[in-house]
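Participant: Here it is, the structure in full.
The values are calculated or read from the model by the stated rules, or taken from the named source; none is laboratory data. Nothing here was measured: the structure is a model prediction, and the numbers come from that model. Glycine gets a Cβ as well: all are built from the backbone with ideal geometry, and neighbour counts include every protein chain shown. Surface areas here come from the heavy atoms of the whole protein model, side chains and all, with no ligands, DNA or RNA. Shrake-Rupley method; radii C 1.70, N 1.55, O 1.52, S 1.80 Å.
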Amino acid sequence: MASTSVAAAAILFLASCTIALAQNASILAIDPLQTPYPYEFPLMYNADTPDLFPMPQCHGITLEEATIDQLQGYLSDGSLTSAQLLGCYVDRMRQVDEYINSVLEFNPDAEEIADALDAERKAGHVRGPLHGIPYLVKDNIATKDRMETTAGSWMLLGSVVPRDAHVVAKLREAGALLMGKATLSEWADMRSNNYSEGYSPRGGQARSPYNLTLQPGGSSSGSATAVAANIVSFSLGTETDGSVISPAERNGLVGIKPTVGLTSRAGVIPESEHQDTVGTFGKTLRDATYAFDAIYGIDEHDNYTLAQEGKTPAGGYVQFLTNKEALKNANFGLPWDSFWVHAGPEQQSSLLSLISLIESAGATIINNTELPNYETIVSPDGWDWDYGSTRGYPNESEYTVVKIDFYNNIKSYLAELENTNIRSLEDIVAYNDANDGTEGGNPWPFGIPAFYSGQDGFLASLETKGVRDETYYQALAFTQRSTRGDGIDAALANKGRPVDALLVPPIVAQSYQIAAQAGYPVITLPAGVSSTSGMPFGLALMGTAWSEARLLKWASAIEDLQFSSGTEHKRTQPRWHEYLAKNIPVLFE
């Protein structure tokens, strides 16, 4: 890993020595590694199979695809310690991350944290289901420790944050073990409108272990690819418009994107206060929900979180996870003309097979539960966050809101940092111009190919000067009204025949774009892989504000059905297609 710290390199070296000593009499022998396959080097004859990077056992334990509950069982009965678990995940990182580049920075305090958590457990104090479980956070989420928080940009290197992001503080309280920072699309995709998804100058190009040549989903790219590759059990990402749901889908994961205001954004490098939210990734819904349960809540540093008071359940959200029997009482809507019509034939066919299975389990499926105004607000040509302007109405555009919010929100964030001269969007743009060879201030071919359009997103925001004029307020009112009451809520109401949730294909990016503008929750489940590209796709559940408990109930029932029925429409392990590819930019499928 090009960005691994010196401390991390030392840990990786020790981990590899441990394996070598187990295989040979002495690490000092000439040619000490006599058995390089299958763990130390990928055997090329296993290309395009999960066996290309098999995961070695961890002190006799099968760690690959292990759930958090299983890990807690091993920790509780003494089969593993948190320090040992961390060491095995570090060795997995050494094994695969040179290829997928999911980890931007390793936490130099991780071993010490693991030892302290082990001591707590030995003393009889277990904080909860995340106690001693390693995880990653996206590099736009602040940690008040020896790691950096840079959004993947060199310009914030050495800056000092005022405090842990609220979500990180909550995870520390829950006993989770912060292993490091994940790679991402630089500045969470705000800087450019034509770019290589998952790339940042500081972190390099994140790649999906399913197909290393194609975009891994962004901007929480490394957060998702690390979980998909079994480097950690869970991770945190952030979403303004699709940045949790897209990488979850494209890496065969569960992604939970909550209602805006349910998870605090304090300490998160912002884009838009009206759409930003922090979400979770896991290989199972329970794993992602454990993380979600730990991070939601009211925070005095984010006044949007005050809106959740009285709208969250006593005892958290894990209690709502259920099984396939719950589907007998479910009513799901398919907004076909709104979203499904835009899915490709293979995805339609596969997802409809899964929906038929859901229906056979007792659920009622109602087609054509449309957003009444979909012809106005849903782009027919794919994701377009300036679709209002595309139609000739900037006062109906999400981008009108986001680019003005960013100018103001980033200034507020930077004001709290110490040890940096970067204080405004003007400073950010100037730094990129001055460091064009690495930061790509100019469009290609004058800049770098990863940022084909340079920093046109920043320049569009800069042009607004953050002025919240009449057009801004009209756009904010329109996007929220048209996607909430006149959109998702109306589809759920279904003209007097209400449904519990909308089932949508998240491969159709317009679906999560509408939910993003509304600030409404989405949960996506793995549902299959493309026969041509090998990239995963999912089935998502969309609901109204604060409906996470209901969405988790129905999503867990569907997931249980997937795993108990033997269907192929569920998570499968990565096949590492084109594992030696290093193309930049990565390609859109």
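Participant: Based on Cβ point charges of +1 for Lys and Arg and -1 for Asp and Glu, what charge dipole magnitude is obtained for the stretch 284-383 about its Cα centre, in debye rounded to the nearest 20?
Facilitator: 460
Participant: Of the listed pairs LYS144/LYS553; LYS144/LYS311; LYS257/LYS311; LYS122/LYS170, which have alpha-carbon separations greater than 28 Å here?
Facilitator: From the list (LYS144/LYS553; LYS144/LYS311; LYS257/LYS311; LYS122/LYS170), the Cα-Cα distance tops 28 Å for LYS144/LYS553; LYS144/LYS311.
Participant: Name the residue farthest towards the positive end of the dipole of the stretch 385-524 from the options PRO505, VAL467, GLY388, assuming +1 on Cβ of Lys and Arg, -1 on Cβ of Asp and Glu, about the Cα centre.
Facilitator: The residue sitting most towards the positive pole is PRO505.
Participant: In whole percent, what relative contact order does the stretch 162-277 give with Cα contacts below 8 Å and a gap of six or more residues?
Facilitator: Computed over the stretch 162-277, the figure is 24 percent.
Participant: Magnitude of the Cβ-charge dipole of the chain, K/R +1 and D/E -1, about the Cα centre, nearest 20 debye?
Facilitator: It comes to approximately 900 debye.
Participant: Read through the labelled values (1) 17; (2) 13; (3) 35 and report the label of the one computed as percent of Cα pairs over 44 Å apart from the structure.
Facilitator: (2)
Participant: What nm value, rounded to one decimal, do you get for the distance between VAL467 and LYS328 when each label is placed 7 Å out toward the C-beta?
Facilitator: Output for this residue pair reads 6.3 nm.
Participant: Going highest first, how would you order 158-168, 375-385, 182-192 by mean Cβ packing within 10 Å?
Facilitator: Put in order of decreasing packing, that is 182-192, 158-168, 375-385.
Participant: Below 8 Å between Cα atoms, with a sequence gap of 6+, how large is the relative contact order for the stretch 30-180 in percent?
Facilitator: 21
Participant: So, one more: What is the chain's relative contact order, in percent, from Cα pairs under 8 angstrom and six or more apart in sequence?
Facilitator: RCO, the chain: 17 percent.
Participant: Rounded to whole Hz and in sequence order, give me ³J(HN,Hα) for the stretch 344-351 from the Karplus expression 6.51 cos²θ - 1.76 cosθ + 1.60, θ = phi - 60°, writing x for Gly and Pro.
Facilitator: The phi angles translate into x, x, 5, 5, 4, 4, 5, 5 Hz.
Participant: Once the dipole of the stretch 82-565 is set up with Lys and Arg at +1 and Asp and Glu at -1 on Cβ about the Cα centre, which of LEU561, GLY310, ALA266 lies farthest towards its positive end?
Facilitator: LEU561
Participant: So how strong a dipole does the stretch 216-329 carry about its Cα centre when Lys and Arg Cβ are +1 and Asp and Glu Cβ are -1, to the nearest 20 debye?
Facilitator: Dipole size: approximately 580 debye.
Participant: Work out the FRET efficiency for ALA123 and GLU416 from their Cβ-Cβ distance, taking R0 = 30 Å, and round it to the nearest 0.05.
Facilitator: 0.25
Participant: Here is a further query. Quick one: which of 428-434, 550-556 comes out on top by average Cβ neighbours within 10 Å, and what's the full order, highest first?
Facilitator: Listed from highest to lowest mean packing, they are 550-556, 428-434.
Participant: Hey, another quick one. Which percent, nearest 5, of DSSP beta bridges in the stretch 96-218 are antiparallel?
Facilitator: 55
Participant: Something else: With label points built 7 Å along Cα→Cβ from the Cα atoms of GLU173 and ASN303, find their separation and express it in nm.
Facilitator: My value for the distance between the label points is 2.2 nm.
Participant: Among the DSSP beta bridges whose two residues both lie in the stretch 82-565, what percent are antiparallel, rounded to the nearest 5?
Facilitator: Taking every DSSP beta bridge within the stretch 82-565, about 70 percent pair in antiparallel fashion.
Participant: Report, by chain and number, residues whose modeled amide H sits under 5 Å from the one on LYS138, excluding near sequence neighbours (fewer than 5 apart, same chain).
Facilitator: Sorted by chain and number, the residues that satisfy this are ALA182, LEU236.
Participant: Convert each backbone phi in the stretch 301-311 into a coupling constant with the Karplus relation 6.51 cos²θ - 1.76 cosθ + 1.60 (shift: θ = phi - 60°), then list the ³J(HN,Hα) values in order as whole Hz, x for Gly and Pro.
Facilitator: 3J(HN,Hα) across the stretch 301-311, in whole Hz: 8, 9, 5, 5, 6, 5, 5, 7, 4, x, 10.
Participant: Here's something else I'd like to know. Sorting check: for 347-357, 319-329, 417-427, 139-149, which peptide has the highest mean count of neighbouring beta carbons within 10 Å, and how do the rest follow?
Facilitator: 139-149, 347-357, 319-329, 417-427
Participant: Another question, if that's okay. Is the shape of the stretch 442-527 rounded, prolate or oblate, going by the alpha carbon gyration tensor and its root eigenvalues a ≥ b ≥ c, with a/c under 1.5 for rounded and a/b larger than b/c for prolate?
Facilitator: Taking the square roots of the gyration eigenvalues as a ≥ b ≥ c, the stretch 442-527 is oblate.
Participant: Here's something else I'd like to know. Put a dot 7 Å past each Cα toward the Cβ at ARG163 and TRP444; how far apart are the dots in nm?
Facilitator: Inter-label distance under the simple model: 4.3 nm.
Participant: Further, regarding this structure: Assuming R0 = 45 Å, what is the FRET efficiency of TRP336 and ASP51, from their Cβ-Cβ distance, to the nearest 0.05?
Facilitator: Efficiency, from the Cβ-Cβ distance: 0.70.
Participant: Please report the carbon-and-sulfur percent of the accessible area for the stretch 82-565; probe 1.4 Å, protein heavy atoms only, DNA, RNA and ligands left out.
Facilitator: 49
Participant: Also: Please give the calculated 222 nm ellipticity per residue for the chain, where each DSSP H segment of at least 4 residues contributes -39500 (n - 2.57) and the sum is spread over every residue; nearest 500 deg cm²/dmol?
Facilitator: The helix contribution divided over the chain gives -10500 deg cm²/dmol.
Participant: Right, next: Pick out, from PRO526, GLY454, ASN409, the residue whose Cα sits farthest towards the positive end of the charge dipole of the stretch 397-543, with +1 on the Cβ of Lys and Arg and -1 on the Cβ of Asp and Glu.
Facilitator: It is PRO526.
Participant: Next question, about the same structure. Over the stretch 82-565, give the accessible area per residue in Å² for a 1.4 Å probe, as an integer.
Facilitator: 31
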